[in-house]
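Here the structure comes first, spelled out in structure tokens, and everything after it is commentary.
Read-outs throughout are calculated quantities, based only on the coordinates presented, and are distinct from any laboratory measurement. The structure presented is a predicted model; accordingly, all values stated were derived computationally and were not measured. Every residue, glycine as well, gets a Cβ built from its backbone with ideal geometry; the counts of neighbours run over all protein chains shown.
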Amino acid sequence: MWVGIDDTDSLHGGCTTYIATEIVKEICNAGYDIIGYPRLVRLNPNIPWKTRGNGAIALQIGVGGGKRELIGEIEEKVYGCAYKKRDARADEIISILDKIMKNAEGGANPAWVVTEKKFSRKLYSKAVKEIVSVKEVKRTLAETRAKWKTYRKEIGLIGASAAIAWKPLNRTYELLTYTHGEKFIEKESVIKMDTLFPSTFNNYDYENDYIALLPHSPSPVFYGIRGGDVGELKKAMEMLETSEVERWIIYETNQATDEHLQRKKIEEVKPYESVIVKGKVEKEPFTIEGGHVIFSISNGAEIDCAAYEPTKGFRNIIKELKKGDEVVVYGGVRAKPFTINIEKIEVKKLVDVYKKVENPICKKCKKHMKSIGKGKGYKCPKCGAKAGENEAKYVKIERKIKPRFYEVPVIARRHLAKPLGDRVIYQL
Ligand code: ATP
């Protein structure tokens, strides 16, 4: 049996993953097991109505068998089982869900879905890349005879169903810890953990001296350790010097898989998608109010791209682009202004850039000529002889960027964005 939940949180606090730990606790107390790992599934990061990271949860529940792995501690130790021997009773699971979800934070639109038949991966694929309607999700729910409940608006059904529909072709893991008390974390221990466990990623931003394990907003989440090797996460947690952790759990996730991205031509790009597009730099980078750096790429059709202020030093790389450079841009599409918010960029080919170092010299008078205006050429101040723009002396400038990939620093990284380099190892 699969359970999906979403939209239990509001901006004032709460978090769907915390509600999930309450559900896991009650389900285990009722004598059932979690099959495999609970799943934290990130969906379209560009939808305007998300609270934070657009995450939803799916759990497989039953009476389990086979190898048991410690997957968390929520008052008691929680184990994930290798396979399902017997299904759970739907009425028992539903009464647990209802009891917990009706108490979820005000302002959110909580929903749960319970199904014996797993949903098609297509639903997940669409929900991570595009906008899905409640109507189309309800069609899936009816076809599979799934049970569901919403507590305010029905929008939460989308995430709850799409999380169930995720089939991990690529996956990473995140160990999330929770506390309602003091939140203290010793920076040096984070750096040590980051160094000793290379299968973990996005722990610490060395460039910006920023601990990326901590959440951005009020929430019972204390910190999260992301990694490709599930076996290292508990050891990594034990290495951190922190105030007391009340509970922890490991999620299997689609984070750092790039599954939100779609290859598109510039003319096909639509708002709220995440795309990979190729083009030549048309408008050279310029900085607007707030410190955001904007440029455009073109292949005939043209689109603006942005390295926003939170991407910090990445903006200095973007500023080095020149008209005609060939690039492939990876990022989410904003509607207004219609812009690609860059997550990473591949510089394919750099144009040669020349700098004028000397005006042409008049052959007759041996004097430096004067410019008659931008692009209009030169004139001798003495005899009036003229020379073309290309007769001045130019030197080739060494470009500061190279043909390679560049990405935003850890501080600005999105959950779904796969970091460059060999840090993310998928476990299949
Ligand atoms: P947190 O990360 O703290 O859990 P959140 O960012 O996940 O918060 P939610 O409160 O879950 O925010 O809000 C996201 C809402 O958007 C949910 O109601 C979810 O069903 C819906 N949603 C998710 N993906 C899509 C999509 N592709 N199309 C339409 N709606 C979606």
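Can you give me the three principal axis dimensions of region 2-165 from its C-alpha atoms, in Å, biggest first?
41, 35, 26
Over region 172-253, what relative contact order in percent results from Cα pairs under 8 Å that are six or more residues apart? Could you put the intermediate results ahead of the total?
Numbers: 148 pairs, mean separation 42.9, N = 82.
This gives 52 percent for region 172-253.
Of the candidates Gly65, Gly388, Gly55, which one comes out as most mobile in a Gaussian network treatment of the chain with C-alpha springs shorter than 10 Å?
Gly388
As a check on your grasp of the helix formula, calculate [θ] at 222 nm for the chain: sum -39500 (n - 2.57) over DSSP H runs of n ≥ 4, divide by the residue count, round to the nearest 500. Present the calculation step by step, with values, prior to reporting the outcome.
Values: 8 runs with 80 residues, N = 428.
One gets -5500 deg cm²/dmol as the mean residue ellipticity at 222 nm.
Can you tell me the orientation of helix 230-239 relative to the chain, as the angle in degrees between its alpha-carbon axis and the longest Cα principal axis, to the nearest 10?
The answer is roughly 90 degrees.
Pairs of Cα atoms under 8 Å, at least six residues apart: use those to get the relative contact order of region 345-398, whole percent.
Numbers: 78 pairs, mean separation 21.3, N = 54.
That works out to 39 percent.
Can you tally the net charge around Asn359? Count Lys and Arg as +1, Asp and Glu as -1, for every other residue whose Cβ sits under 12 Å from the Cβ of Asn359. Before the final figure, lay out the partial values.
Details: positive: Lys356, Lys367, Lys370, Lys379, Lys393; negative: Glu358, Glu389, Glu391.
That works out to +2.
Mind putting a number on the dipole of the chain about its Cα centre? Charges go on the C-beta only, +1 for Lys and Arg and -1 for Asp and Glu, and I need it in Debye to the nearest 20. Don't jump to the answer; show the numbers that get you there.
Details: 76 positive and 58 negative charges, 633 e Å.
With Lys and Arg at +1 and Asp and Glu at -1, about 3040 debye.
What does the highest-first list of 330-340, 154-164 look like by mean Cβ count within 10 Å? Could you put the intermediate results ahead of the total?
Numbers: 330-340: 17.2, 154-164: 27.2.
Those peptides, ordered most packed to least, come out 154-164, 330-340.
Which residue, chosen from His180, Val63, Thr339, occupies the Cα position most advanced towards the positive end of the dipole of the chain, where the dipole is computed from +1 (Lys, Arg) and -1 (Asp, Glu) charges on Cβ about the Cα centre?
Thr339
Straight-line reach from Lys355: which lysines have Cα under 16 Å away, leaving out those fewer than 8 places along the same chain?
Within reach: Lys322, Lys323, Lys374, Lys393, Lys396, Lys400.
So if I take the centroid of the Cα atoms in region 16-92 and the same for region 251-310, what is the distance between those two points in Å?
For region 16-92 versus region 251-310, the Cα centre distance is 35 Å.
Only bridges with both residues in the chain count here: give the DSSP antiparallel percent, nearest 5.
Numbers: 87 of 97 bridges.
Rounded to the nearest five, the antiparallel share is 90 percent.
Starting from the Cα of Lys192, draw a straight line to each of the lysines and keep only those under 30 Å, dropping any in the same chain fewer than 8 residues away.
Counting by Cα, and skipping residues close in sequence, Lys192 has these lysines nearby: Lys77, Lys183, Lys234, Lys235, Lys312, Lys344, Lys418.
Region 343-428: percent of C-alpha pairs farther apart than 22 Å?
Working: 2027 of 3655 pairs.
Roughly 55 percent, rounded to a whole number.
Largest first and in whole Å, give the semi-axes of region 172-253's equivalent ellipsoid, each being the square root of 5 times a Cα gyration tensor eigenvalue. If you can, show how the numbers build up before the last one.
Values: eigenvalues 60, 48, 28 Å².
Ellipsoid semi-axes (Å, largest first): 17, 16, 12.
Which value in Å does the Kirkwood hydrodynamic radius of the chain take, with 1/r averaged over all unlike C-alpha pairs and then inverted?
Numbers: mean 1/r = 0.0415 Å⁻¹.
Across the chain, the inverse of the average 1/r is 24.1 Å.
Given Lys280/Lys376; Lys167/Lys264; Lys319/Lys376; Lys117/Lys167, which pairs have Cα atoms separated by over 20 Å?
Values: Lys280/Lys376 26 Å; Lys167/Lys264 24 Å; Lys319/Lys376 27 Å; Lys117/Lys167 13 Å.
Distance filter (> 20 Å) returns Lys280/Lys376; Lys167/Lys264; Lys319/Lys376.
Of Met239, Met101, Met193, which is the most mobile in a GNM of the chain whose springs link Cα atoms less than 10 angstrom apart?
Judging by the Gaussian network model, the answer is Met239.
So for region 189-330, taking the charge dipole from beta-carbon charges (+1 Lys/Arg, -1 Asp/Glu), which of Ile211, Thr253, Ile225 sits furthest toward the positive end?
Of the options given, the answer is Thr253.
At a Cα cut-off below 12 Å, give the aspartates and glutamates reachable from Lys187, other chains included and same-chain residues fewer than 8 away excluded.
Filter leaves Asp205, Asp209, Glu241.
Report the relative contact order of the chain, percent, no decimals, based on alpha-carbon pairs under 8 angstrom and at least 6 residues apart. Don't skip to the answer; put the middle values down first.
Details: 1006 pairs, mean separation 65.4, N = 428.
After rounding, I find 15 percent.
What residue among Asp91, Asp33, Asp258 has the largest mean-square fluctuation in a Gaussian network model of the chain, using Cα springs under 10 Å?
Comparing Asp91, Asp33, Asp258 in a Gaussian network model of the chain, the most mobile one is Asp91.
Using the charge dipole of the chain (Lys, Arg: +1 at Cβ; Asp, Glu: -1 at Cβ; taken about the Cα centre), state which of Pro198, Leu97, Thr311 has its Cα farthest towards the positive end.
Final value for the positive-end residue is Thr311.
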